[in-house]
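Written below as structure tokens is the structure these notes are about.
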Amino acid sequence: QVQLVESGGGTVQAGGSLRVSCVASGGNFNRLTMGWFRQAPGKEREFVSAVTWSGGSTYDADSAKGRFTISRDNAKNTVYLQMNSLKPEDTAVYYCAASYFALALPDRVRYHYWGQGTQVTVSS
């Protein structure tokens, strides 16, 4: 139904910036709340940030506030996560997710579709 493909991951030095992208296909992107999650080695997948279909409402994890910015371009069926002031603890696989809920939710169980993930590595 909905396929999500992430890109833009890579390796950066601490304090640097990186933007990951997620392109959606096979669904009505404009009606989906989009979110970003991440999973570090040996840890559970955790919420990072989410944005509603209109782009007017966002919700950020404490770890992302002030450093990460989520945005979306509905014309391109794409959601972005701009990551600034990166820290080694940000190293993880970053996953794009989509939900039919109208709210920007932090709960992974409320998301209906998931991408394959893109690796982000931050060196000290």
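The values are calculated or read from the model by the stated rules, or taken from the named source; none is laboratory data. Every value quoted in this text rests on a predicted model; they were computed, and no experiment measured them. Note that each Cβ is placed from the backbone with ideal geometry, even for glycine, and that neighbours are counted across all protein chains shown. Quick note on the areas: whole protein, heavy atoms, side chains included, nothing else; ligands and nucleic acids left out. Shrake-Rupley method; radii C 1.70, N 1.55, O 1.52, S 1.80 Å.
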**Study point:** Positions within segment 36-51 being touching an Asp or Glu at 6+ places or on another chain (Cβ under 9 Å) and open to solvent by 30 Å² or more (accessible area, probe 1.4 Å), in sequence order
**Key:** Gln39
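Residue-by-condition table, conditions (1) outside any loop (DSSP other than H, G, I, E, B); (2) of a type in the set (Phe, Trp, Tyr); (3) modelled with pLDDT under 95; (4) over 11 Å from the mean Cα position of the chain (by Cα):
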| site | (1), (2), (3), (4) |
| --- | --- |
| Gln1 | no, no, yes, yes |
| Ser21 | yes, no, no, no |
| Phe37 | yes, yes, no, no |
| Pro41 | no, no, yes, yes |
| Glu44 | no, no, no, yes |
| Tyr80 | yes, yes, no, no |
| Tyr95 | yes, yes, no, no |
Check your understanding: In segment 23-35, which residue that is open to solvent by less than 20 Å² (accessible area, probe 1.4 Å) and closer than 19 Å to Asp107 by Cα is farthest from the chain's Cα centre (by Cα)?
Key -> Leu32
**Study point:** Residue in segment 99-122 that is among the basic types (Lys, Arg) and under 24 Å from Gly16 (Cβ atoms) present
**Key:** no
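Among the residues of segment 49-60, is there at least one that is small (Gly, Ala, Ser) and assigned to a strand (DSSP E or B)?
As a first pass, look at segment 49-60 and keep what is small (Gly, Ala, Ser): 49-50, 54-57.
Right, trim to assigned to a strand (DSSP E or B) and you get 49-50.
So far as segment 49-60 goes, yes, one or more of its residues are small (Gly, Ala, Ser) and assigned to a strand (DSSP E or B).
Kindly indicate whether Val12 is of a type in the set (Val, Ile, Thr), buried (at least 18 other Cβ atoms within 10 Å of the Cβ), closer than 28 Å to Ser124 by Cα and at pLDDT 95 or above. Steps first, please.
Numbers: of a type in the set (Val, Ile, Thr): yes; buried (at least 18 other Cβ atoms within 10 Å of the Cβ): no; closer than 28 Å to Ser124 by Cα: yes; at pLDDT 95 or above: yes.
So Val12 does not fit the description; no.
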Exercise for review: State yes or no: is Ser54 under 18 Å from Arg19 (Cβ atoms) and surrounded by fewer than 18 Cβ atoms within 10 Å (Cβ to Cβ)?
Suggested key: no
Practice item. Could you list, in sequence order, all residues of segment 78-110 that are closer than 21 Å to Asn30 by Cβ, open to solvent by less than 50 Å² (accessible area, probe 1.4 Å) and free of Cβ contacts under 8 Å to residues at least 60 places away in the same chain? Key: Thr78, Val79
Review point. Which one of these does Gln116 not meet: (1) at pLDDT 95 or above; (2) more than 22 Å from Gln1 (Cβ to Cβ); (3) open to solvent by 60 Å² or more (accessible area, probe 1.4 Å); (4) not in a strand (DSSP E or B)?
Key: (2)
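Do we find that Ser49 is without any contact (Cβ under 8 Å) to a residue 24 or more places away in the chain and within 13 Å of the chain's Cα centre (by Cα) in this structure? Break it down stepwise before answering.
Details: without any contact (Cβ under 8 Å) to a residue 24 or more places away in the chain: no; within 13 Å of the chain's Cα centre (by Cα): yes.
Criteria not met by Ser49.
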Review point. Here are some conditions: (1) farther than 17 Å from Gly9 by Cβ; (2) at pLDDT 95 or above. Ala102 meets all but one. Which one does it not meet?
Key: (2)
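When you go through Ser99, Ser85, Ser7, Ser57 one by one, which is the residue that is hydroxyl-bearing (Ser, Thr, Tyr) and on the phi > 0 side of the Ramachandran plot? Please lay out each step first, then the result.
On the way: Ser99 fails: on the phi > 0 side of the Ramachandran plot; Ser7 fails: on the phi > 0 side of the Ramachandran plot; Ser57 fails: on the phi > 0 side of the Ramachandran plot.
Going through Ser99, Ser85, Ser7, Ser57 in turn, the sole match is Ser85.
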